[in-house]
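Below is one structure, written out as structure tokens, with a few remarks after it.
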Amino acid sequence: MQCRSGCGACCISPSITSPIPGMPNGKLAGERCINLSEENLCTIFGRADRPDVCSAFSADFDVCGNSREEAIHLLNWLEGATAKAI
């Protein structure tokens, strides 16, 4: 599956615990990555300082669904299902 240009769901829904340029402590689930443009494009895509977790993510129907809205729903569900119990 090809990534949908302008989706950005993977830059919003999941938490990221590794440092991100401009976000040294990572980001919380549901928090918009500072490197996501107004057009929902990653401004650090292809750069060496892009986090490994971001580079390793591949668009797949199971997590991206048929639309941006479905991707956000699926990624939010996965985040909740894999969150550590407090």
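The values are calculated or read from the model by the stated rules, or taken from the named source; none is laboratory data. Please read these numbers as outputs of a predicted model, since none were measured by experiment. Don't worry about glycine lacking a Cβ; one is built from the backbone with ideal geometry, like all the others, and counts go over all protein chains shown.
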Cβ-Cβ below 7 Å, separation at least six or inter-chain, first residue in the range 71-86 and at pLDDT 95 or above, second assigned to a helix (DSSP H, G or I) and of a type in the set (Gly, Ala, Ser): which pairs? Ala71/Ala9; Ile72/Ala9; Leu75/Ala9
Answer yes if at least one residue in the range 48-68 is loosely packed, with under 14 Cβ neighbours inside 10 Å and touching an Asp or Glu at 6+ places or on another chain (Cβ under 9 Å), and no otherwise. no
Among the residues in the range 60-68, are any more than 11 Å from the chain's Cα centre (by Cα), modelled with pLDDT under 95 and basic (Lys, Arg)? no
Could you tell me which residue of the range 5-56 is nearest to the chain's Cα centre (by Cα), considering only residues that are charged (D, E, K, R) and not in a loop (DSSP other than H, G, I, E, B)? Lys27
